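S.K.: Mind looking over this structure? Questions follow.
The values are calculated or read from the model by the stated rules, or taken from the named source; none is laboratory data. This is a predicted model, so every value here is computed, not measured. Here the Cβ positions follow ideal geometry from the backbone for every residue, glycine too, while neighbour counts run over all protein chains shown.
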Amino acid sequence: MMERVEPADAQLDSPLGHASPVVKLSIALVWLVGLATTTAIVPPLVLAAVALLAGLTLGAIPPRTLARALAPLAIAALGVGISNTLFSAANGDPTATTLVTIGPVRITVEAAIGGIALACRVVAIASVGAVFALTTDSTRLADALVQQARVSPRFAYGALAAYQAIPRFGEDLTTLRQARRIRGLRGSWHPRLLLGLLVLAIRHGDRLALAMDARAFGMGPRSQYRVVRWRWPDLALAVGALAVLAVALVLGR
């Protein structure tokens, strides 16, 4: 069963939860661009540590919740690091320094450093994304995108509705499997389930489009039920994030 990742009330009431979602999203994007400008190991480690510390303190995220959210991404980071180390072009360079030789496989220091750097970058991106998701309400994010970032309401609230429809795919899959069992077929995985899910997704999309058109989304100015305002802590958070990025890049040199 597919589920949405929704923050608890404690995280939404925290200082990081009260911050503007647009500011937090902008910080994540700026940090991502900053990581793309360096191949050093130190910058992603600094950013990951700061993001996790902010999530635990300013975001009031329980350590177990944060660890559970990061566990699959940590495994992915480990796989990225190992694969890039084993298949790096530096392993075939005779001038590179040999780190270890396992049978016919030669691993050089340069390949290991490159693999570790990529793994650390994945960890940093995963840490920032997990803290953002666990301290941001999806509805408030859509409101902030419309009011503060001037995103089209049709796009913002359409994306919100699509995100909130994720659990419905799990319910549809369960219904399709039960229908197959009633007809005497196996309820386990079958390619025809994909076709059924596609048909149901199209039907849900048509209903959603009609509902949004009935509420005149994208037809002109709209009043706001939940007003998202800029606050001084948002500016302090943005300045602090830029300072952390600058320090991390300097340390990476």
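S.K.: Of all residues in the range 179-196 being surrounded by fewer than 12 Cβ atoms within 10 Å (Cβ to Cβ) and small (Gly, Ala, Ser), which is nearest to residue 169 (Cα to Cα)?
M.R.: 188
S.K.: Continuing with this model, one more query. Please tell me if residue 193 is closer than 30 Å to residue 55 by Cβ and of a type in the set (A, V, I, L, M, F, W, C). Let's see the steps before the verdict.
M.R.: Numbers: closer than 30 Å to residue 55 by Cβ: no; of a type in the set (A, V, I, L, M, F, W, C): yes.
The answer is no for residue 193.
S.K.: Would you be able to say whether some residue in the range 217-228 is in a helix (DSSP H, G or I) and surrounded by fewer than 15 Cβ atoms within 10 Å (Cβ to Cβ)?
M.R.: So far as the range 217-228 goes, no, none of its residues is in a helix (DSSP H, G or I) and surrounded by fewer than 15 Cβ atoms within 10 Å (Cβ to Cβ).
S.K.: Look at the range 100-136 and say how many of its residues are at pLDDT below 90, surrounded by 16 or more Cβ atoms within 10 Å (Cβ to Cβ) and not in a helix (DSSP H, G or I).
M.R.: The qualifying residues number 3.
S.K.: Would you check if there is a residue in the range 93-113 being in the same structural domain as residue 34 (by TED's automatic domain parsing), of a type in the set (A, V, I, L, M) and either under 30 Å from residue 9 (Cα atoms) or touching a residue at least 60 places away in the same chain (Cβ under 8 Å) (or both)?
M.R.: Restricting attention to the range 93-113, the residues satisfying the condition of being in the same structural domain as residue 34 (by TED's automatic domain parsing) are 93-113.
Among the residues that remain, those that are also of a type in the set (A, V, I, L, M) are: 96, 99-100, 102, 105, 107, 109, 111-113.
Narrowing the set further to residues that are either under 30 Å from residue 9 (Cα atoms) or touching a residue at least 60 places away in the same chain (Cβ under 8 Å) (or both) leaves 113.
Yes, some residue in the range 93-113 is in the same structural domain as residue 34 (by TED's automatic domain parsing), of a type in the set (A, V, I, L, M) and either under 30 Å from residue 9 (Cα atoms) or touching a residue at least 60 places away in the same chain (Cβ under 8 Å) (or both).
S.K.: Still on this structure, please answer the following. For the range 78-92, how many residues meet the condition of being touching a residue at least 40 places away in the same chain (Cβ under 8 Å) and more than 12 Å from residue 117 (Cβ to Cβ)?
M.R.: 1
S.K.: Out of the residues in the range 152-179 that are among the charged types (D, E, K, R) and at pLDDT 80 or above, which is farthest from residue 215 (Cα to Cα)? Lay out the reasoning, then the answer.
M.R.: Step one: list which residues in the range 152-179 are among the charged types (D, E, K, R), which gives 154, 168, 171-172, 177.
With at pLDDT 80 or above added as a condition, the list becomes 171-172, 177.
Details: 171: 27, 172: 26, 177: 35 Å.
Among them, the one singled out is 177.
S.K.: Would you tally the residues in the range 211-250 being at pLDDT below 80 and aromatic (Phe, Trp, Tyr)?
M.R.: The qualifying residues number 2.
S.K.: Next question, about the same structure. Those residues that are hydrophobic (A, V, I, L, M, F, W, C) and part of a helix (DSSP H, G or I), I need them from the range 75-99; list them, please.
M.R.: Across the range 75-99, the qualifying residues are 75, 76, 77, 78, 80, 82, 86, 89, 90.
S.K.: Moving on. On the given criteria, is residue 27 part of a loop (DSSP other than H, G, I, E, B) and surrounded by 19 or more Cβ atoms within 10 Å (Cβ to Cβ)?
M.R.: Judged against the criteria, residue 27 is not a match.
S.K.: Here is a further query. Looking at the structure I just gave you, is residue 69 of a type outside the set (Val, Ile, Thr) and not in a helix (DSSP H, G or I)?
M.R.: So residue 69 does not fit the description; no.
S.K.: Restricting the first residue to the range 6-17 and requiring it to be part of a helix (DSSP H, G or I), which pairs with a second residue that is at pLDDT below 90 and among the polar types (S, T, N, Q) meet a Cβ separation below 8 Å and a spacing of at least six or different chains?
M.R.: From the range 6-17, the pairs are 17/11.
S.K.: Kindly provide the set of residues from the range 137-164 that are part of a helix (DSSP H, G or I) and either without any contact (Cβ under 8 Å) to a residue 12 or more places away in the chain or of a type in the set (A, V, I, L, M) (or both), ordered by number.
M.R.: 141, 142, 144, 145, 146, 155, 156, 159, 160, 161, 162
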